[in-house]
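K.L.:
Mind having a look at this structure? Questions to follow.
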Amino acid sequence: MIDVRGVHKSFGELDVLKGVDLEVRAGTVTVILGPSGSGKSTLLRSINHLEKVDRGLIRIDGELMGYRRRGNKLHELREREILRQRSQVGFVFQNFNLFGHLTVLQNVVEAPVSAQRRKRGEVEPLARELLDRVGVGDKADAYPRQLSGGQQQRVAIARALALRPKVLLFDEPTSALDPELVGEVLDVIKELARDGATMVVVTHEIGFAREIADTVVFIDGGRIVESGPPREVLDNPVHERTRAFISKVL
Amino acid sequence: MSTTSLTSAPHAADPPQTAVPDDADLPVVGRRHPWRWAGVAVVLVLLAMFVHGLATNPGWDWPTFLQFVTTRTIFSALWVTIQLTVYGTVLGFTLGAVIATMRLSTSPFLQVVAWGYIWAFRSIPLIVQLLFWFNIAYLYQELSLGIPFGPEFVQFSTNNLFGALGAAVLGLALHQAAYAAEIIRGGIISVDQGQLEAAAALGIPRLRQFFRIVLPQAMRSILPNGANEVISLFKGTSIVSVMAIPELFYQVQVIYGRNSRVVPLLMVATVWYIVLTTLLSVAQFYVERHFARGTARELPPTPWQRVRRTWRAAR
Ligand SMILES: Nc1ncnc2c1ncn2[C@@H]1O[C@H](COP(=O)(O)OP(=O)(O)OP(=O)(O)O)[C@@H](O)[C@H]1O
Ligand SMILES: [Mg+2]
């Protein structure tokens with residue numbers, strides 16, 4: 001479903017991604033672990049082309065992100081096409097980024113209507129259903145700042161789901177939350193996993209990774225150090241670096 | 001102030017009254033603010049002295065004031081002032097929005113043009129610019145449309161193109177646009193980058209990102225500064241009296257030039273400036289409130305709501 005090949009990315013002098021290869025099969029959950037500054041967010045942001053990579057390719061469902069191949073050249077896509085591609089990828093931010101001046105329902109309805117040109121009358125009942133599903137159905141007419149952090153993040157998840165994305169990307173969805181609120185957001189993500197959504201989750205919640213990940217990827221210094229099922233990577237890491245990190249986080 | 005009782009209804013089996021009541025059952029007495037009342041008293045005394053002065057000092061010459069304040073001449077002068085303000089604001093902010101967008105665009109060419117415009121019109125004193133437009137016929141007798149350095153298709157005489165009022169509006173609007181551009185740009189860059197990122201991640205089209213997501217939030221900081229500009233433009237229109245345009249300030253000057261009652265006629269202008277500025281300020285309050293939705297958990301009541309609430313509580 002997601003195919004990342006030889007991705008390099010640098011910010012000026014700083015090489016953040018140094019050749020990353022990653023494959024995510026449809027219906028699986030991939031958890032990305034790694035120390036701060038290792039390039040996890042950058043990788044995730046590259047997948048939906050919020051960040052333009054310097055080298056390498058990213059495909060989602062066979063479709064090249066950000067480029068079109070013509071003959072032996074890659075042509076940069078126009079902004080409008082990139083936006084269309086992005087609307088097939090749900091992205092959940094660490095700090096929610098809900099639109100503060102719009103109600104919860106308007107937040108969820110906005111993109112399906114304006115980006116996917118679906119009918120408002122058709123999207124609204126769907127949006128309410130999604131809000132119910134993530135447990136904030138009664139807050140549809142509230143403004144984001146009237147909600148708790150956990151509720152805001154669950155709205156953000158509903159907002160991403162409303163686009164009926166092929167894949168969902170989560171960048172530390174719980175690290176801006178109080179410990180008590182972490183559980184309610186993780187429960188929503190677990191439920192999505194059970195329903196067979198394709199997801200990539202950056203998180204520091206090892207227990208959560210063990211429970212839902214099909215694949216755990218450990219990334220350090222812009223390279224994937226180790227990847228495999230949680231039993232291997234979390235419980236019997238091969239690399240010294242992985243072992244040190246996991247023992248610290250646990 | 002108000003005394004609220006938190007005591008619940010008495011229980012059937014209440015102990016005899018000699019028992020010490022539980023903390024939770026005690027009545028609550030609101031906090032007192034003695035210094036606020038002291039402040040109110042001082043201000044009221046000062047205000048009374050001022051009003052007394054206005055009423056008793058014959059120098060204010062209220063009969064003359066009343067004689068002129070609602071005359072036809074003053075009204076038509078006021079109308080010119082309002083027109084100058086409205087045209088200056090609308091044209092100024094429209095052009096300002098375009099320039100702000102240019103400065104924020106990714107094109108270095110547009111950025112430089114916008115920067116140059118702002119630089120030029122903030123550097124030239126408004127009065128110089130106005131006099132320049134007023135006297136443009138002296139520099140360029142004709143304007144023509146055509147191929148640069150080549151044949152000309154249409155020609156205008158600069159004198160007919162804009163009369164004095166047109167020149168004034170043009171000058172005010174061009175000047176205003178430079179300031180408006182910076183205010184609008186300031187509002188836009190104050191919106192959290194995450195909002196744009198979220199909109200981009202959702203695939204919302206570019207224009208829609210701007211008008212639906214960024215601008216409404218930018219309005220929060222554009223409005224107070226923008227209202228400042230409108231109000232200062234409203235009074236600043238008095239500067240076009242140098243072009244002999246019959247706006248409010250010019251007109252009262254003409255009148256006191258004839259009857260030499262300077263103070264009451266200046267009061268006529270002042271009162272009208274105050275009345276319209278008040279209306280603008282009230283409008284500003286409600287427009288700002290509209291754009292404030294979602295910024296606080298609950299918006300504070302409007303002064304009017306507060307008055308009604310106090311009134312109802314008092315009855
Ligand atoms: N736009 C940018 N410009 C310059 N440097 C950047 C930019 N974005 C990220 N970086 C740098 O790239 C490196 C990787 O950042 P990234 O956000 O991917 O880390 P991360 O693994 O997500 O860390 P964390 O766990 O703290 O979120 C960091 O050193 C960061 O300072
Ligand atoms: Mg990160």
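The values are calculated or read from the model by the stated rules, or taken from the named source; none is laboratory data. As the structure is a prediction and not an experimental result, all values here were calculated from the model. Note: ideal-geometry Cβ built from the backbone for every residue, glycine included; neighbour counts use all protein chains shown. All accessible areas refer to the heavy atoms of the entire protein, side chains included, with ligands and DNA or RNA removed. Shrake-Rupley method; radii C 1.70, N 1.55, O 1.52, S 1.80 Å.
K.L.:
Which of the residues belonging to the stretch B:182-198 are closer than 20 Å to A:Arg117 by Cα and either in a loop (DSSP other than H, G, I, E, B) or more than 8 Å from every other protein chain (Cβ to nearest Cβ) (or both)?
P.N.:
B:Leu196
K.L.:
Residues in the stretch A:82-96: is at least one within 28 Å of A:Arg241 (Cβ to Cβ) and open to solvent by 40 Å² or more (accessible area, probe 1.4 Å)?
P.N.:
yes
K.L.:
Residues of the stretch A:18-42 being more than 13 Å from ligand 2 (Cβ to nearest atom) and either hydrophobic (A, V, I, L, M, F, W, C) or within 14 Å of chain B (Cβ to nearest Cβ) (or both), which ones?
P.N.:
A:Val20, A:Leu22, A:Val24, A:Ala26, A:Val29, A:Val31
K.L.:
(1) within 11 Å of chain B (Cβ to nearest Cβ); (2) out of contact with any strand residue (DSSP E or B) (no Cβ under 8 Å at 6 or more places or on another chain); (3) basic (Lys, Arg): which one isn't true of A:Arg45, the others all being true?
P.N.:
All conditions are met except number (2).
K.L.:
In the stretch A:85-112, what residues are more than 8 Å from chain B (Cβ to nearest Cβ) and part of a helix (DSSP H, G or I)?
P.N.:
A:Val104, A:Leu105, A:Gln106, A:Asn107, A:Val108, A:Val109, A:Pro112
K.L.:
Search the stretch B:48-66 for residues that are open to solvent by 80 Å² or more (accessible area, probe 1.4 Å) and pair each with any residue that is modelled with pLDDT of 85 or more when their beta-carbon atoms are under 9 Å apart and the residues are at least 6 apart or on different chains.
P.N.:
B:Pro63/B:Pro264; B:Leu66/B:Pro264
K.L.:
Filter the stretch B:199-208 down to the residues that are part of a helix (DSSP H, G or I) and open to solvent by 10 Å² or more (accessible area, probe 1.4 Å) and list them by number.
P.N.:
Here is the first cut: in the stretch B:199-208, the ones part of a helix (DSSP H, G or I) are B:199-201, B:206-208.
Answer for the stretch B:199-208, where residues must be part of a helix (DSSP H, G or I) and open to solvent by 10 Å² or more (accessible area, probe 1.4 Å): B:Ala200, B:Arg206, B:Leu207, B:Arg208.
Conditions (1) surrounded by fewer than 19 Cβ atoms within 10 Å (Cβ to Cβ); (2) within 24 Å of A:Val233 (Cβ to Cβ); (3) modelled with pLDDT under 90; (4) not polar (S, T, N, Q), marked per residue:
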{"site": "A:Ala158", "(1), (2), (3), (4)": "no, no, no, yes"}
{"site": "A:Leu163", "(1), (2), (3), (4)": "no, no, no, yes"}
{"site": "A:Lys166", "(1), (2), (3), (4)": "yes, no, no, yes"}
{"site": "A:Leu169", "(1), (2), (3), (4)": "no, yes, no, yes"}
{"site": "A:Leu181", "(1), (2), (3), (4)": "yes, no, yes, yes"}
{"site": "A:Ala197", "(1), (2), (3), (4)": "no, yes, no, yes"}
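K.L.:
Still on this structure, I have one more. Any residue in the stretch A:71-96 that is within 16 Å of ligand 2 (Cβ to nearest atom) sitting within a Cβ distance under 7 Å of a residue that is aliphatic (A, V, I, L, M) and in a loop (DSSP other than H, G, I, E, B)? List the pairs, counting only those 6 or more apart or interchain.
P.N.:
A:Gln94/A:Ala176; A:Asn95/A:Ala176
K.L.:
Related question: All but one of (1) over 18 Å from A:Ser148 (Cβ atoms); (2) at the interface with chain B (Cβ under 7 Å from one of its Cβ atoms) hold for A:Ile82, so report the exception by its number.
P.N.:
Looking at each condition in turn, A:Ile82 falls short on (2).
K.L.:
Let me ask something else. Being touching a residue at least 60 places away in the same chain (Cβ under 8 Å), open to solvent by 30 Å² or more (accessible area, probe 1.4 Å) and in contact with a Phe, Trp or Tyr (Cβ under 8 Å, 6 or more places away or on another chain) is the requirement here; does B:Arg185 meet it?
P.N.:
For B:Arg185, the condition - touching a residue at least 60 places away in the same chain (Cβ under 8 Å), open to solvent by 30 Å² or more (accessible area, probe 1.4 Å) and in contact with a Phe, Trp or Tyr (Cβ under 8 Å, 6 or more places away or on another chain) - is not met.
Conditions tested, residue by residue: (1) more than 14 Å from chain A (Cβ to nearest Cβ); (2) among the polar types (S, T, N, Q); (3) in contact with an Asp or Glu (Cβ under 7 Å, 6 or more places away or on another chain).
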position	(1), (2), (3)
B:Val214	no, no, no
B:Leu223	no, no, yes
B:Ala227	yes, no, no
B:Ile239	yes, no, no
B:Tyr250	yes, no, no
B:Gln253	yes, yes, no
B:Gly257	yes, no, no
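K.L.:
Here's something else I'd like to know. For the stretch A:206-229, what are the residues that are buried (at least 20 other Cβ atoms within 10 Å of the Cβ), part of a loop (DSSP other than H, G, I, E, B) and within 15 Å of ligand 1 (Cβ to nearest atom)?
P.N.:
Residue satisfying the conditions is A:Gly222 alone.
K.L.:
Name the single residue, out of those in the stretch A:7-31 being of a type in the set (Ser, Thr, Tyr) and open to solvent by 10 Å² or more (accessible area, probe 1.4 Å), that is nearest to A:Val202 (Cα to Cα).
P.N.:
A:Thr28
K.L.:
Given (1) open to solvent by less than 10 Å² (accessible area, probe 1.4 Å); (2) more than 13 Å from chain B (Cβ to nearest Cβ), identify the lone condition not met by A:Arg120.
P.N.:
Among (1) open to solvent by less than 10 Å² (accessible area, probe 1.4 Å); (2) more than 13 Å from chain B (Cβ to nearest Cβ), A:Arg120 violates only (1).
K.L.:
Output the residues belonging to the stretch A:159-207 that are among the small types (Gly, Ala, Ser), more than 26 Å from A:Glu51 (Cβ to Cβ) and touching a residue at least 24 places away in the same chain (Cβ under 8 Å).
P.N.:
Residue satisfying the conditions is A:Gly196 alone.
K.L.:
Now for a different question. Which number in (1) under 27 Å from B:Ser238 (Cβ atoms); (2) under 21 Å from the mean Cα position of the chain (by Cα); (3) of a type in the set (Gly, Ala, Ser) marks the one condition that B:Ala100 misses?
P.N.:
Against the list (1) under 27 Å from B:Ser238 (Cβ atoms); (2) under 21 Å from the mean Cα position of the chain (by Cα); (3) of a type in the set (Gly, Ala, Ser), B:Ala100 comes up short only on (1).
K.L.:
If you don't mind, another one. Those residues that are at the interface with chain B (Cβ under 9 Å from one of its Cβ atoms), surrounded by fewer than 24 Cβ atoms within 10 Å (Cβ to Cβ) and in contact (Cβ under 8 Å) with a residue 40 or more places away in the chain, I need them from the stretch A:137-156; list them, please.
P.N.:
A:Tyr143, A:Pro144, A:Arg145, listed by residue number.
K.L.:
How many residues does the stretch A:32-54 contain that are open to solvent by 30 Å² or more (accessible area, probe 1.4 Å) and within 6 Å of ligand 1 (Cβ to nearest atom)?
P.N.:
3
K.L.:
Identify, from the list B:Leu78, B:Leu110, the residue that is over 15 Å from the mean Cα position of the chain (by Cα) and over 20 Å from B:Leu280 (Cβ atoms).
P.N.:
B:Leu110
K.L.:
Can you spot a residue in the stretch B:280-300 that is in contact (Cβ under 8 Å) with a residue 24 or more places away in the chain, more than 14 Å from chain A (Cβ to nearest Cβ), open to solvent by less than 70 Å² (accessible area, probe 1.4 Å) and within 30 Å of B:Phe134 (Cβ to Cβ)?
P.N.:
yes
K.L.:
Something else about it: Only residues that are in contact with an Asp or Glu (Cβ under 9 Å, 6 or more places away or on another chain) and not β-branched (Val, Ile, Thr): list them for the stretch A:62-94, please.
P.N.:
Listed by number, the residues that qualify are A:Gly62, A:Gly66, A:Tyr67, A:Arg68, A:Gln85, A:Gln88, A:Phe91, A:Phe93, A:Gln94.
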